[in-house]
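A short write-up of the structure that comes next.
The values are calculated or read from the model by the stated rules, or taken from the named source; none is laboratory data. Computed from a predicted structure; not experimentally measured. Cβ sites come from the backbone with ideal geometry, for glycine too, and all protein chains shown count toward neighbours.
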């Protein structure tokens, strides 16, 4: 039985005070952490502060960076390394988000290099995959997503895969208010799990969490989480509203 994981991706929103206020509001709400894992991904400037607040309050919430460099260190102005992320106390990094692919031209090869480096440094990884509307309408969505999974995991050994979560993002649903139906989402999640079984065997595939990320809201999380292969959510806009995010986290209540 895979424990559900709900992760809030704050993207390029909130200053440091707002980030601290939001995480304190989250920490003040009753959540049964025995039944659900929770994480947040603030901006780089707020990472260390958010992690310290969580540690001081002794609440088991994961903290992720939203991206990282594929290089260990050097003359790469504006980049953030795995070591820098670890120094903030963060334990996870989101790699391959659709916005990184579409807006910043990140390729599958680059994303794979980031995944391997992050895992080598001991960070957990949320690898994002997903198709655009044209690929969905052309009937090539599954093919595209499975290609991204295979490329993202190229060279990732069996002993590293347990630190990786996959997030399926139908790109056409992000920020649009549209959501893949639970049936569509389950179909893609099942295909991803089958691909993982081919790559690493059924034991690993059955242990790996696959999240859904595409306009997740309080009114659709319940139907999504009823599906066998949907293990949680990567939440964007709704994670900035504490009331909405808590309803998503407490989807079982």
Worksheet item: Listed residues 175, 122, 89, 155; which is out of contact with any strand residue (DSSP E or B) (no Cβ under 6 Å at 6 or more places or on another chain), at pLDDT below 95 and over 20 Å from residue 191 (Cβ atoms)?
Response: 175
Practice prompt. Please give the number of the condition residue 53 fails out of (1) more than 22 Å from residue 225 (Cβ to Cβ); (2) out of contact with any strand residue (DSSP E or B) (no Cβ under 9 Å at 6 or more places or on another chain); (3) not in a helix (DSSP H, G or I).
Written response: (3)
Discussion item. Being surrounded by fewer than 17 Cβ atoms within 10 Å (Cβ to Cβ) and either within 26 Å of residue 155 (Cα to Cα) or modelled with pLDDT under 95 (or both): is that true of residue 106 here?
Written reply: no
Worksheet, complete the sentence: Expected single match for part of a helix (DSSP H, G or I), out of contact with any strand residue (DSSP E or B) (no Cβ under 9 Å at 6 or more places or on another chain) and surrounded by 17 or more Cβ atoms within 10 Å (Cβ to Cβ) among 185, 238, 205, 223 is 205
Worksheet item: Here are some conditions: (1) free of Cβ contacts under 8 Å to residues at least 40 places away in the same chain; (2) within 17 Å of the chain's Cα centre (by Cα); (3) assigned to a helix (DSSP H, G or I). Residue 216 meets all but one. Which one does it not meet?
Response: (3)
Worksheet item: In this structure, does residue 31 turn out to be assigned to a loop (DSSP other than H, G, I, E, B) and at negative phi?
Response: yes
Discussion item. Can you say whether residue 233 is touching a helix residue (DSSP H, G or I) at 6+ places or on another chain (Cβ under 9 Å), closer than 20 Å to residue 14 by Cβ and not in a helix (DSSP H, G or I), as far as the supplied structure shows?
Written reply: yes
Worksheet item: Are there any helices (runs of 4 or more DSSP H) wholly within the stretch 102-160 with 3 or more residues that are closer than 20 Å to residue 199 by Cα and under 18 Å from the mean Cα position of the chain (by Cα), and if so which?
Response: 108-120, 141-152
Worksheet item: Can you tell me which of 168, 200 is at pLDDT 95 or above, surrounded by fewer than 21 Cβ atoms within 10 Å (Cβ to Cβ) and either out of contact with any helix residue (DSSP H, G or I) (no Cβ under 6 Å at 6 or more places or on another chain) or closer than 30 Å to residue 71 by Cβ (or both)?
Response: 200
Worksheet entry | Candidates 69, 46, 25, filtered to the one that is assigned to a loop (DSSP other than H, G, I, E, B), over 16 Å from the mean Cα position of the chain (by Cα) and modelled with pLDDT of 95 or more | 69
Fill in: Qualifying positions in the stretch 72-95 - part of a helix (DSSP H, G or I) and either surrounded by fewer than 20 Cβ atoms within 10 Å (Cβ to Cβ) or without any contact (Cβ under 8 Å) to a residue 40 or more places away in the chain (or both)
83, 84, 85, 86, 87
Worksheet item: Is there any pair with a first residue in the stretch 96-125 that is at positive phi and a second that is part of a helix (DSSP H, G or I) and surrounded by 19 or more Cβ atoms within 10 Å (Cβ to Cβ) whose Cβ atoms are under 6 Å apart and which are 6 or more apart or on different chains, and what are they?
Response: 96/111
